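Below is one structure, written out as structure tokens, with a few remarks after it.
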Amino acid sequence: MDTLYDTTSLKLKKEFPDAEDFLPLNGTDHVELYVGNAKQAAHFYKTAFGFQSVAYAGLETGVKDRVSYVLQQNKIRLVLTTPLGEGGPINDHLNRHGDGVKNVALWVDDATKSFEETTKRGAEVAFEPYTIEDENGKVTLSGIKTYGDTVHVFVDRSEYNGPFMPGYKSWESHYNPKGAGLEYIDHMVGNVGWGEMNKWVDFYARVMGFAQLVSFDDKDISTEYTALMSKVMTNGNGRIKFPINEPAEGKKKSQIEEYIDFYNGAGVQHIAVATNDIITTVDHLKDQGVEFLYVPETYYDDLLERVGDIEEEVSELRKRGILVDRDDEGYLLQLFTKPVADRPTLFFEIIQRKGAKSFGKGNFKALFESIEREQANRGTL
């Protein structure tokens, strides 16, 4: 399998001049989820989402306290980790949060420098820089704490040529289903508590050198019943985008409040993954059992009046519930899964950008009304 990225140092164009970008970040290295049963979760992500087997760590590789399966689809890499005994931090995380994102790992040229730059600006230490080695080379890692129990891990793998990193072995599987056309992580959304959004916006600006890309208030993101506020932070080259959501006052409990109630605090709400052909991708995912939010057919009655000409047939989008929005630079198509575990917390967004750099502001009302229908079914609205 191709490596995730060219591991030589990149000189990426700076797309957002307001970002200080002192780290800098080259992209998302991987996302690690703590899950109750990694073997079964890996089968789900392979079967339903089309990920491929990459690497494994566990008893057979000398790891005694956990097992991890590494999956990849194009530039998206997931690590699924489960504890092998009682007690300890992974069990604590699962007891508190259920299945969810623990580590958002960011690819850097120098993990030690990234650690020093962020901690001297006020980041709380998750773990100090350390280097691990095997016959394939070495990887240096460091970590800082962010909202809730989420950690940003800085990864320098410029001197490593193995399947994932030292401590893992290649995971050879006769079962490698067809990919779904998922290309890379477009953005990852964090839900934080009441009044905490600006605190974390400041964290990403001050500690990590990000710029604010866009802001939405409760007038932008509201329905008859619920509301939320959001600000989107980006690094300089635009490869890392983190929208930060907080609840806003409404008549009923918002999706952000529901998330925080069931996750027991702040955390990653959803992972947005990009595709170059959303219709084919959604068809594949649905055929493999992925469940999506329902969008009322009335959404499409005046779609072209709202977004202008698009290349896709409206009837094909209506059939699949795909949403469309336009900004000054083009349009985007998006669709959201239902939660991928039993708690109504983590879900995925499928997005195809045709020039647009925004986040579907025109779809917020339709999307959140769909989420409210699900909340009503769960009795949590």
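Miscellaneous remarks
- Within segment 272-291, the set of residues being part of a strand (DSSP E or B) and either free of Cβ contacts under 8 Å to residues at least 12 places away in the same chain or touching a Gly at 6+ places or on another chain (Cβ under 6 Å) (or both) comprises just one member, T275.
- The set of residues from segment 309-336 being touching a Lys or Arg at 6+ places or on another chain (Cβ under 6 Å) and buried (at least 21 other Cβ atoms within 10 Å of the Cβ) comprises Y331, L332.
- The set of residues from segment 115-170 being out of contact with any Gly (no Cβ under 6 Å at 6 or more places or on another chain) and at positive phi comprises G122, G137, G167.
- Unique residue being hydrophobic (A, V, I, L, M, F, W, C), over 23 Å from T345 (Cα atoms) and surrounded by 20 or more Cβ atoms within 10 Å (Cβ to Cβ) when the list is A48, A57, A42: A57
- Unmet criterion (only one of (1) of a type in the set (G, A, S); (2) assigned to a loop (DSSP other than H, G, I, E, B); (3) surrounded by 14 or more Cβ atoms within 10 Å (Cβ to Cβ); (4) modelled with pLDDT of 95 or more) for G85: (3)
- First in segment 313-324 and in a helix (DSSP H, G or I), second anywhere and exposed (fewer than 15 other Cβ atoms within 10 Å of the Cβ) and not basic (K, R), Cβ under 7 Å, 6 or more apart: V314/L304; R318/E297
- Under the condition of being touching a helix residue (DSSP H, G or I) at 6+ places or on another chain (Cβ under 7 Å) and surrounded by fewer than 20 Cβ atoms within 10 Å (Cβ to Cβ), the residues counted in segment 266-282 number 1.
- Some residue of segment 168-177 being among the aromatic types (F, W, Y), in contact with a Ser or Thr (Cβ under 6 Å, 6 or more places away or on another chain), farther than 29 Å from N74 by Cα and touching a residue at least 40 places away in the same chain (Cβ under 8 Å): no
- Scan segment 252-297 for residues that are under 20 Å from the mean Cα position of the chain (by Cα) and of a type in the set (S, T, Y) and the total you get is 4.
- Contacts under 8 angstrom Cβ, first residue in segment 187-203 being in contact (Cβ under 8 Å) with a residue 12 or more places away in the chain and outside any helix (DSSP H, G or I), partner surrounded by fewer than 19 Cβ atoms within 10 Å (Cβ to Cβ) and not small (G, A, S), 6 or more apart: V192/K199
- Restricted to segment 142-180, and to residues there that are touching a helix residue (DSSP H, G or I) at 6+ places or on another chain (Cβ under 7 Å) and of a type in the set (G, A, S), the residue that is modelled with the lowest pLDDT is G167.
- Residue satisfying condition, being outside the structural domain of V282 (by TED's automatic domain parsing), surrounded by fewer than 21 Cβ atoms within 10 Å (Cβ to Cβ), in contact with a Leu (Cβ under 6 Å, 6 or more places away or on another chain) and not small (G, A, S), within set V101, V31, V63, V35: V31
The values are calculated or read from the model by the stated rules, or taken from the named source; none is laboratory data. Predicted, not measured: the structure shown is a model, and the values here were computed from it. Cβ sites come from the backbone with ideal geometry, for glycine too, and all protein chains shown count toward neighbours.
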